2 protein chains.
Amino acid sequence: MHKVTKFAIRHLSDKASRFVPKAGVYPKGYAVGGIHCGVKKDGKSLDLAILQNTFGKNASAAGVFTVNKFKAAPVQVSKKILKEKSGLGINSFVINSGNANAVTGTQGMRDAEDMVLVTDSVLDNPTNSSLVMSTGVIGNNLPIDKILGGIPKLASQHLGNTHQHWIDCATAICTTDTFPKLVTKRFSIGDDTYTLAGLCKGAGMICPNMATLLGFFVTDAPVTPSALQQILKYAVDRSFNSISVDGDMSTNDTIVAMANGAAGGEVIDNTSSCAERYSRLQTEIVGFAQQLAQLVVRDGEGATKFITIRVKDALSYKDAKSIASSIANSSLFKTAMYGKDANWGRILCAIGYANVTSANSVIPEKTSVKFVPVDGSDHLNLLVNGEPEQVDEERASEILQNEDLIVEVNLGTNGGQNADFWTCDLSHEYVTINGDYRS
Amino acid sequence: MHKVTKFAIRHLSDKASRFVPKAGVYPKGYAVGGIHCGVKKDGKSLDLAILQNTFGKNASAAGVFTVNKFKAAPVQVSKKILKEKSGLGINSFVINSGNANAVTGTQGMRDAEDMVLVTDSVLDNPTNSSLVMSTGVIGNNLPIDKILGGIPKLASQHLGNTHQHWIDCATAICTTDTFPKLVTKRFSIGDDTYTLAGLCKGAGMICPNMATLLGFFVTDAPVTPSALQQILKYAVDRSFNSISVDGDMSTNDTIVAMANGAAGGEVIDNTSSCAERYSRLQTEIVGFAQQLAQLVVRDGEGATKFITIRVKDALSYKDAKSIASSIANSSLFKTAMYGKDANWGRILCAIGYANVTSANSVIPEKTSVKFVPVDGSDHLNLLVNGEPEQVDEERASEILQNEDLIVEVNLGTNGGQNADFWTCDLSHEYVTINGDYRS
C-alpha cells in the first residue's frame, strides 16, 4: 500500500489577495461592467459582461480562436464578424458565463447573433460591430431571454471606467475560477504614453462545465487592425498558447484585443516605416499577455506549484516550444513536481519524445537540465551535457518546497532560440475536482 | 472545499489470479528462464532472463524500438545487431530488470555489448546473435559483474520449456509490475499448427524507476526476417503503440520477435506467392500482441478501469488512431472515467483537438459517441450526429460501475477506417504512486 497524503485545500482568499490588484491604471475611451442576469443558478453571481469603446466607433480589433473542430456558436459568430469587418470598427465585446453555447445547433447560432444584435443596438453601434463570447456548461441552449434582457440593463446602468467596473467585468466572465484575473500596465513609446488593461478566465474544466480560456485586452494606443492581429498572434503564441493546465483545448477558447487610439500619437502599423514603434508595442503586449496567462496557471485546478519551463539554445523557436510543452504536459513530470521530487529522468524522457523538426534538434550529450529557484539562491544541476549529476537531495528538496520553480533545459545546439512555458503540478486535488465532482 | 474520497487499494493477488495463466501452450525449440543475479536490492527477486532458440542457429528476428532521442545503451546495441544481421541468425534474448542502463555513457555501451558477448559465448552462438534489453532505474551503471556472473548460471541450470520456466522468465523482466504478463496461443495455417508465446512488462514509471515497456514473443512458425519485421511493425502499431497509461514514452521501450521454424511447413515471406499464409499469420500476431499489450493497461499504475476507445468510420486509419489516442490521453477524460462520470463533453473536446489529416476528418454534425458495456447489455448514446442526447444518468452510472467499458466514436465520414486504443483511468492512486513515492 502506498503512502497517503492529505489533500491540499485551496486557499481562495489567499490567492485572491495575492493575485487580484487593489487598483489599476486604465486606458482612455473604454467603459466596462458586469451584472447578474440569470444564467448562473445562484441568483447573484455576475454572469454578463460588456466592454465598450467610447472613443468614436472605429476601433481596431483582432482575435485568436480555438482550433478545436467543435467550435462553439459564439466562436463562429465572432470569427465571421471580425473577418467581414477586416478588424476595423469593432466597438464592443459581450460575454456571458455559466453556459458556453457550445454544441447547441442552429438555435445556438441564432442566440449568439442575437447577443451581437442587441449589444450593437443598445450601444448605438453600426451593425455587426460587437464580438461575442460564452463560457460554461456545454450542450444546453442559452437562457437567451435573460441575457437579451440583461444587456440593455448592463449597458445603460452599469458601465464605467473605475477599478471596480473592471473588477466586475473580470468577475462576470469567471466560471470555476477562484479569483478574477485582471492586469493593467502603462508604458511609453517615444513621447506617447499608453495603457493596457486585460482580463481573462481559467482553462480548467470542471464537470459538467467545460470552462474555457477567454481573454481580452484593450489599449488606447492607435494601432491598425492588421498590426494588432499580427501582434496578438505573436503574443498569444508566447503566452496563452504557452501554458498548460491539463493539456486540453476547449470548444470556446478565445483571445481578442481592441485598440481605440484614444491616447493619440502616430498610428502603429506593421509597415517598415514604423518598425520601431511596432516592435516596442509588441514587446509590451507580449509581456502583458504573459502576465495575464500566468494567472490562469496560478489558478489551475488543484495547482500547488507554478513552474516555468525554460528551454534555451534550441535550433528553432518551434523546437524550443515543443520541448517545453512536452515537459509541461507530462503527467509524470507534473506528479513529480507535486511530490517535490527532483526526477530528472522524467524531464529528460519528455525532452526525448518531443515533436522536434530535425535529427539535430536534441543531442543527448549536449543536453543540460537544472532547477533554478526564483529566490535568487544557487541553481541545482541535474544533468550536464547528458551526464547525470550526483544530486544533493537535501538541496533539491529545499528548492522544491517553494511554490515557484524554473526548470531550465539547455539544448546546446548553438541555434540560440529560447522559449518559456508555464505549467502547474498534477495533484490529488486535480483528480478530486475532475473525477469526483458529481459523485 | 471539495469532496474527498478514499484511495483505491491495489488488489495485487486479485489481479494476478485473474490475469496470470495457470498453464500455457508453448512453441517448439525454445528454452527460457529467469533467476536472481543481484541487480534488485532485495536479494531474491528475479532480475535476469534469457530466451534461447534451441532449434538450430538460424532463427529470424525483428524489433521495434523507442523513438525517444535518449535511447538506452541496450536499445542502441540491439538495433545495431539486428541491422547488421538483417534479422537472420538471432538466437537469444538476454534481459535484466532493476537497472535500465540508460544515460550511462560509454561504460553503458560496453556493458550492453558484454551482456551480448557472454550470452553468445555460453549458448554457443555465433558472435552478435543475441539481443539485449534492460529496464529499471536510469542514470546508474549496471552492476555488470553480477549480471555477467549470472548469465552462465542461468544458461546452464535454469533454462527450460515448462510453464514455470516461462513464468520465471516473465517475472524476471518485471520492475513495478504487479503481476507477470504472459500469453500463449496455438493456431493453424492450412495443415500446419503453430504456437505463439509472448511476455511483456508494464509502461508506468515509478520514481526513481523509469520502468519500460518491454515485450517479446516467439513462434515456431517459419518466417523470413523481412516478413517478421513487417508483421511486427503492423502489429505493434495496433497493440503496444495503441495503449496509453500515462502518455510517456521511455528511453528503453523495445518489442522484439523471433521465429525459428521448429514446427515446420512452408516458409512465410512477404511476397505475393504466400500472401494468404502471410495474412493469416499477421491476423494471429495482431490479436496476440493486443492481448499482451492489454495486460500492460490492466496493470497501469493506479488503474481502476480498462477502457477501449473504438473509433469507427474515419477517413483513414491514421485519423482513427489519432482521435482514439487523443481521447485516451486526455487527463480530463481519464479523471471523468475514474469519477464514473458520463462526461461526453470531454470526449468531444478531445476529438476536436486531435491531430487529423484533413478538414473533413471530423465533421461535428456527423459525429456520434456512445458507451458500450462489455456485458452485452444495451449501449447508451451520448451524442448522435453532433446532437447531445438526454442522457439517462442512472443507466450511465450503472454502466460506469463496471471495470471494463467501450467508448465508441462514429465519425460518419464514409471512409470506413477503424482503430481501437486501450487506456485506463487517472486515479488518486496514480498521483500517490507517482507523486508521493519518495516522500
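The values are calculated or read from the model by the stated rules, or taken from the named source; none is laboratory data. Source: prediction; values computed, not measured. Note: ideal-geometry Cβ built from the backbone for every residue, glycine included; neighbour counts use all protein chains shown. Please note that ligands, DNA and RNA were not included when accessible areas were found on the heavy atoms of the full protein model with its side chains. Shrake-Rupley method; radii C 1.70, N 1.55, O 1.52, S 1.80 Å.
Take the conditions part of a helix (DSSP H, G or I) and not aromatic (F, W, Y) and apply them to A:K312. Does it pass?
Answer is no for this residue.
Just need a number here: residues in the range A:325-342 that are touching a helix residue (DSSP H, G or I) at 6+ places or on another chain (Cβ under 7 Å), more than 7 Å from chain B (Cβ to nearest Cβ) and part of a helix (DSSP H, G or I).
3
Can you tell me which of A:A320, A:A262, A:A293 is in a helix (DSSP H, G or I), small (G, A, S) and assigned by the TED database to the domain that holds A:I50?
Criteria check complete, one pass: A:A293.
Those residues that are in contact with a Pro (Cβ under 9 Å, 6 or more places away or on another chain), within 14 Å of another protein chain (Cβ to nearest Cβ) and among the aliphatic types (A, V, I, L, M), I need them from the range B:49-78; list them, please.
Within the range B:49-78, no residue meets the criteria.
If A:N68 satisfies every condition in (1) touching a helix residue (DSSP H, G or I) at 6+ places or on another chain (Cβ under 7 Å); (2) modelled with pLDDT under 95; (3) open to solvent by 10 Å² or more (accessible area, probe 1.4 Å) but one, which is the exception?
Checking A:N68 against (1) touching a helix residue (DSSP H, G or I) at 6+ places or on another chain (Cβ under 7 Å); (2) modelled with pLDDT under 95; (3) open to solvent by 10 Å² or more (accessible area, probe 1.4 Å), the one that fails is (3).
From the list A:I35, A:I81, exactly one residue is crowded, with 18+ Cβ neighbours inside 10 Å, out of contact with any Lys or Arg (no Cβ under 8 Å at 6 or more places or on another chain), at pLDDT 95 or above and assigned by the TED database to the domain that holds A:R238. Which is it?
A:I81
Just a yes or no: is a residue in the range B:308-318 within 10 Å of chain A (Cβ to nearest Cβ) and of a type outside the set (D, E, K, R)?
No: the range B:308-318 contains no residue that is within 10 Å of chain A (Cβ to nearest Cβ) and of a type outside the set (D, E, K, R).
For B:V137, which of the numbered conditions (1) within 14 Å of B:L48 (Cβ to Cβ); (2) surrounded by 18 or more Cβ atoms within 10 Å (Cβ to Cβ) fails to hold?
Result: B:V137 fails condition (1) only.
Provide a single number: the residues in the range B:100-122 that are open to solvent by less than 10 Å² (accessible area, probe 1.4 Å) and either outside any helix (DSSP H, G or I) or not assigned by the TED database to the domain that holds B:G149 (or both).
Within the range B:100-122, residues that are open to solvent by less than 10 Å² (accessible area, probe 1.4 Å) and either outside any helix (DSSP H, G or I) or not assigned by the TED database to the domain that holds B:G149 (or both) number 3.
Which is within 14 Å of chain A (Cβ to nearest Cβ) and touching a residue at least 24 places away in the same chain (Cβ under 8 Å), of B:T176, B:T184, B:T193, B:T119?
Step by step, each of B:T176, B:T184, B:T193, B:T119 is checked, and only B:T176 is within 14 Å of chain A (Cβ to nearest Cβ) and touching a residue at least 24 places away in the same chain (Cβ under 8 Å).
Here's a check for you: in the range B:223-282, which residue that is within 14 Å of chain A (Cβ to nearest Cβ) and either in contact with an Asp or Glu (Cβ under 9 Å, 6 or more places away or on another chain) or open to solvent by less than 10 Å² (accessible area, probe 1.4 Å) (or both) is modelled with the lowest pLDDT?
B:D246
Check the range A:13-26 and report whether any residue there is under 30 Å from B:I347 (Cα atoms), open to solvent by less than 70 Å² (accessible area, probe 1.4 Å) and either modelled with pLDDT under 95 or among the hydrophobic types (A, V, I, L, M, F, W, C) (or both).
There is no residue in the range A:13-26 that is under 30 Å from B:I347 (Cα atoms), open to solvent by less than 70 Å² (accessible area, probe 1.4 Å) and either modelled with pLDDT under 95 or among the hydrophobic types (A, V, I, L, M, F, W, C) (or both).
Name every residue in the range A:329-382 that is of a type in the set (D, E, K, R), within 28 Å of the chain's Cα centre (by Cα) and under 24 Å from A:Y317 (Cα atoms), in order of residue number.
Matches in the range A:329-382: A:K334, A:R346, A:K370.
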